[in-house]
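Below is one structure, written out as structure tokens; the observations come after it.
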Amino acid sequence: MGTYKNGILGAFKGKVGNVVGSTWNGIPYMRAIPANVKDAKTPKQLAQRQRFSIMTSFLRRFKAAISIGFKYGAGNMAPANRAMSYNIKNAIGGEYPDLEIQFENLRFSRGDLIGLYQPEAVSDEPGKLLLSWTDNTSDGSALPDDNLVVVCYSPDRDAVYQFLEAAAREDESVEIILPEPWQGEVAETYAFFISSDGKEVSDTTYLGAIQINEAP
């Protein structure tokens, strides 16, 4: 229990509520008693830590695309933090401790620019990925010179290819040439548009897990 020696406004020694009074070198001071800290290892907390760890490690390799795709948004968050916030909430599935990336829900961009219309992705030739779409210029703020960004990820090789200036919206198709080791493997494929002045960006379109054609 605390004891007042100089009235209610004077110094005191001991504990009063959640405050402790004492002196140091003849100087009276008070300090708050820290609140009890709950166990930081509940299943929910451990699951959130694992989500954070998984997504931090995964998104680090997509820095180039994310710096463009998540450049704009509410608040003053950095693009990497915006990408983390969205993908932790939407692109991790399973139950702790067996959490995993849900590739179909990943996003490398978010914005109001009109995205790809009627997109298709196929691999009919060894090491090549053909992307096609319909030019939807004038739909919303879409323009013919909007730039297409393409992102490919190989889960088997844990490898990434980012094509930051793959084509223009008006081109309606582009052929992506992947490294020879990608032949015969699956490429998780994504694309989005960014305006030529870099001020508008579309949401990411997931084009699917594409089996890359392999030379006989």
Q | Projected area averaged over orientations for region 43-211, convex hull of C-alpha atoms, nm² | A | 10.0
Q: Report the extension gain between D139 and A215 in nm, rounded to one decimal, defined as 0.36 nm multiplied by the number of residues separating them, less their alpha carbon distance.
A: 23.4 nm
Q. What ratio of Cα Rg to 2.2 N^0.38 Å holds for region 119-216?
A. 1.09
Q: Sticking with the crude label model, points 7 Å out along Cα→Cβ, report the distance from A78 to E100 in nm, one decimal please.
A: 3.1
Q.
Given a Förster distance of 45 Å, report the FRET efficiency between S132 and Q48 from their Cβ-Cβ distance, rounded to the nearest 0.05.
A. 0.65
(Q) Give me the one-decimal Kirkwood hydrodynamic radius in Å for region 80-123, with the sum taken over alpha-carbon pairs. (A) 12.5
**Q.** Difference of contour (0.36 nm per residue) and Cα-Cα distance, A64 to E125
**A.** 19.2 nm
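How big is D for region 157-202, in µm² s⁻¹ as a whole number, if Stokes-Einstein is applied with the Kirkwood radius of its Cα pairs at 37 °C and 0.692 mPa s?
Reported coefficient: 258 µm²/s.
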Q) E170 versus T56, label points 7 Å from Cα toward the beta carbon: distance in nm? A) 4.6
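Using Cα pairs closer than 8 Å and at least 6 residues apart in sequence, work out the relative contact order for region 43-211, in percent.
Numbers: 345 pairs, mean separation 39.4, N = 169.
Result for region 43-211 is 23 percent.
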Q | Unit charges at the beta carbon, dipole of region 102-141: most positive-side option, L131, P119, F108 | A | F108
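Values quoted throughout were computed directly from the atomic coordinates according to the rules given, and no laboratory measurement underlies them. Treat the numbers as computed from the prediction; the structure is a model and nothing was measured. Counting neighbours? That spans all protein chains shown, and the Cβs are built from the backbone with ideal geometry, glycine included.
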